[in-house]
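The values are calculated or read from the model by the stated rules, or taken from the named source; none is laboratory data. None of the values given here were measured: they were computed from a predicted structure. Here Cβ is always computed from backbone atoms with ideal geometry, including for glycine, and neighbour counts include all displayed protein chains. To get the accessible areas, we keep the full protein, side chains included, count just its heavy atoms, and leave off ligands, DNA and RNA. Shrake-Rupley method; radii C 1.70, N 1.55, O 1.52, S 1.80 Å.
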Amino acid sequence: MTGGGITMKNKILRNMLIPGAVAVLVVVVPALLIKAGVIDGYTAQIITLGGVNAIMAVSVNVVCGITGQLSLGQAGFEALGAYATILLCSGLHLPLPLGIVLSGLIAALFGLLIGFPTLKLQGDYLAIVTLAFGEIIRVVLVNLKGLTGGPNGMQFPTVFTISLDWGAFISYLAIVGTLVLIIVLLQNFLRSTYGRVILAVREDEIAANSNGISVFRYKMTGFVIASFIAGIGGALYAPFIGFVKPDLASFNNSINDLIFVVLGGMGSVTGSVLAAFVLTVLQEALRFLKDYRLLIYPVILILVMIFRPQGLLGTKELSFVRCWDGIPALCRKLLRGKAPETEAE
């Protein structure tokens, strides 16, 4: 009993330490390389933008992959978060961290208001309604010239640009650190009772309802969480880029976020994050092709969908613990492969 208890305790400790160490390395090491100048400002900006896109990919995955609803309006919540951050920090002079959190809550409030009438719909109908919501947000932002600057957009008062000392370092730490925190909290939520209930609703609404689960309530929970994450993404986008326009809520941006999820794998949080970084870097890597980039990029996506329709990771999650456990087995396999050669010699 004691030995089993110690083993279980060590296993839990290992399962916490290995992902924690990887998370710290992912956040701290590139940030130090950026500050030391090993990673130049342009590359740092690309990576940091990939972090913003990854946050939006997680938001879309919560709705589409985890909750099982098709939403095409997540960019609207991103725009709400971006504009709310500017108004809170420049108008009310709130500290930036507080403004970011409040912006996420504002987006979640709108998600709650939108969710009540829309989440009773399913499939294509829900997609059309959420698409209309994103367009409504864009039109409202264009016409509220006194508050949002109209079609000209708004500028953030303090910008973490790459030309400022510490700017790229701080923006990377803030955005990628927030991304890691969101992934950790979301993974723990999905392993909780509420998270497993949401997954049960995704798999079979009728079976979940027959077991006494309030399907609408848990759909609403997933939708509000996704709205909050999208609001956080927009709130981080505003100070990083320094300027936002109503086009941030456009249909094209919502589709781009959905592409991250489809490529990474519906229901796989780590897969959508990986796809967001890959596609962000790929868009910049193909920039030398100029207009031909608009042809090459879709062809790559089509090939991926043909040969890997379930996405990069499917519904699986990238486990650093399993990778760590697989290292000794890989080493033994390599040593066995060299053993016959040694004996022959």
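Values for this structure:
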| quantity | calculated |
| --- | --- |
| 222 nm mean residue ellipticity, helices alone, for the chain (DSSP H n ≥ 4; -39,500 (n - 2.57); rounded to 500) | -25500 deg cm²/dmol |
| Residues whose placed amide H lies under 5 Å from that of residue 243, excluding near-sequence neighbours | 156 |
| Cβ charges +1 (Lys, Arg) and -1 (Asp, Glu), total dipole of the chain, debye | 560 debye |
| Sum of side-chain charges, residue 200 neighbourhood, beta-carbon under 15 Å (Lys, Arg +1; Asp, Glu -1) | +2 |
| Dipole axis of the chain (+1 Lys, Arg; -1 Asp, Glu on Cβ), positive-most option in 283, 270, 335 | 335 |
| Between helix 2-36 and the chain: long-axis angle, C-alpha atoms, 0 to 90°, nearest 10 | 60 degrees |
| Accessible area of the chain belonging to carbon and sulfur atoms, whole % at 1.4 Å probe | 69 percent |
| Acute angle (nearest 10 degrees) that the helix 167-191 long axis makes with the longest principal axis of the chain, alpha-carbon atoms | 70 degrees |
| Pairs of alpha carbons in the chain whose separation is greater than 32 Å (percent) | 36 percent |
| Cβ-placed point charges (K, R +1; D, E -1), dipole of the range 135-256 about Cα centre in debye, nearest 20 | 180 debye |
| Sequence ranges 229-240, 87-98, ranked by mean other-Cβ count within 10 angstrom, highest first | 229-240, 87-98 |
| Pairwise FRET efficiency - residue 22 versus residue 136, Cβ, R0 = 41 Å, nearest 0.05 | 0.50 |
| Rounded tilt (10° steps) of 193-203 against the dominant C-alpha axis of the chain | 80 degrees |
| FRET E, pair residue 128, residue 210, Förster distance 30 Å, beta-carbon r, rounded to 0.05 | 0.55 |
